[in-house]
Each structure stands twice: as structure tokens, then as C-alpha cells.
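Notes for the one structure printed next.
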Amino acid sequence: AQKITQTQPGMFVQEKEAVTLDCTYDTSDPSYGLFWYKQPSSGEMIFLIYQGSYDQQNATEGRYSLNFQKARKSANLVISASQLGDSAMYFCAMRETNNQGGKLIFGQGTELSVKP
Amino acid sequence: IAGITQAPTSQILAAGRRMTLRCTQDMRHNAMYWYRQDLGLGLRLIHYSNTAGTTGKGEVPDGYSVSRANTDDFPLTLASAVPSQTSVYFCASSGWAGNSPLHFGNGTRLTVT
């Protein structure tokens, strides 16, 4: 069964520094997708970035990038030049692309606090 | 603005009562989902629907039921609420491509007393 693990319940980072949020996954399916979401204190879920298992390059979206290490089954989110507005919960999620329903399985989340 | 609408925003419910959480999307997405969010557990899938007329069970389906009579609506029903169903409930939808992200509603905060 597929599984997503985020081992860091909470993280602190100084404003303007980079931070890495860890995510490891387990699946027997060779075809899968990995997603990161941000949930600020207001509660909405905001999609950040996607990485497909067959993508040759690590995904990037503005200040967000994925450090995708397929052999290690990890897909860590890197946020560069942290801003106060980055303080939020971050969730890693996975979809097995041949999965009935296209559902995502989520990790437990990491709470990021950016210090001024 | 296209998106997902959930209602109510919050609700306090007595144990044993029946409750339906509403979810409507206007993005014409095939797939819809219901998740519950609990501290320390992330989001857990309750039920999902690939397309109108079909539904499936997620990780934590017990005590919940869903229906998908049309593309836009995906209500979640608690037949007889229990305190352990106190949670924040999120409805989401997605297109069918493997790289389609889930689009979420703003959530319903439910407290069962």
C-alpha cells in the first residue's frame, strides 16, 4: 500500500534563508505523482508543485523546487529566500497514476515557522 | 470565480443526529473527494467519486456515506454522528490527468457533542 511520511512535525527558518521540508514515500507502482500543498492559518489548501515519477528534471515553481531522489523514494520541498508569508502547514501527497479515482494520499504535514 | 463551495462553514451537532455536508464544484471536474483533517494525522480520504454515478471508499469510510447524482454535487452524510467525527472536512475535485492537482473547498468545521 502506498504511504507518505513527513518526519518533521515542525521547522523553523530565518527569513530570507532556504529551508527543506522532507517527504518520503512508499509505493510499488512505477508510475506515480507527488504533490505539495500549503495550508496557511486561514485553512485553505493551496497547491504548490508537482513531480511525476518519470520526469527527468526536478520540478520548480518560482521559489519552490523539489529535490526528487527516486532511488531513495524522497521528494523534499525546497523553499528559497523564505518570507514571513511562508509560515504555514505543508503537506506532501502522492497519487498512483493508474489508481482508480485519482485520489491523493497525504502525509502528516510539517508546520513551518519563518522568523523575522 | 470557478471553484468548490462547501456548506456549512461550521456546525455544532449533537451526537446521534444526522448531518449532510454539501459540496458543489463548477469546474466540470470528473473526480471528487472528501477528506477529513485531524491534528497530527494530515488529511485522510473518506470517500471519492471518479465520475457521476460512481463512488468508492477511502481510508476512513465508516460512519459516512456519499452520493454523486451529477457532475457538480458530492454531498457527504453522517447518518448518526459520534464525537470521533469532530473534524475539519474538505471537499476536493480534480481532472483526470495524472498531474492534475486537487482543488479544495474552504472546509467545514464540524463539532459533535
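Every read-out reported here was derived from the displayed coordinates using simple, explicitly stated rules and does not represent laboratory data. Just so it is clear, the model here is predicted, and its values are computed rather than measured. When we count neighbours, we look across all protein chains shown, and the Cβ atoms used for this are built from the backbone with ideal geometry, even at glycine.
Structure data summary
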item: Hz values of 3J(HN,Hα) by residue in region A:55-70 - Karplus curve (6.51, -1.76, 1.60), Gly and Pro given as x; result: 5, 7, 10, 5, 6, 9, 8, x, 7, 9, 9, 10, 9, 9, 10, 5
item: Magnitude of the charge dipole, chain A, Cβ model with Lys/Arg +1 and Asp/Glu -1, debye to 20; result: 120 debye
item: Cut-off 13 Å between beta-carbons: net charge of the residues surrounding B:Thr71, Lys and Arg +1, Asp and Glu -1; result: -1
item: Rounded to whole Hz, the Karplus (6.51, -1.76, 1.60) HN-Hα couplings of region B:87-93, x for glycine and proline; result: 5, 9, 10, 10, 9, 8, 9
item: Interchain or long-range residues, amide H under 5 Å from B:Asp38's placed H; result: B:Arg44
item: Charge-dipole axis of chain B as Lys and Arg at +1 and Asp and Glu at -1 on Cβ define it, positive-most pick from B:Ala81, B:Gly105, B:Gly3; result: B:Ala81
item: Spin-label pair B:Asp73/B:Arg44, simplified geometry with 7 Å Cα→Cβ offset, distance in nm; result: 2.9 nm
item: ³J(HN,Hα) computed for each position of region A:84-90 - Karplus, 6.51 cos²θ - 1.76 cosθ + 1.60, integer Hz, glycine/proline x; result: 4, x, 7, 4, 4, 8, 10
item: Peptide ranges B:85-92, B:53-60 listed from the most packed, as the mean C-beta count within 10 angstrom indicates; result: B:85-92, B:53-60
item: Protection proxy ranking, peptides B:27-39, B:65-77, average beta carbon neighbours within 10 Å, highest first; result: B:27-39, B:65-77
item: The protein assembly as shown, dipole about Cα centre (Lys/Arg Cβ +1, Asp/Glu Cβ -1), debye to the nearest 20; result: 340 debye
item: Per-residue average of Cβ from other chains inside 10 Å of B:32-41; result: 3
item: Neighbourhood charge, 9 Å Cβ-Cβ cut-off, centred on B:Val88 and excluding it, Lys, Arg +1 and Asp, Glu -1; result: +1
item: Shielding of A:39-52 by partner chains, average beta-carbon count, 10 Å; result: 3
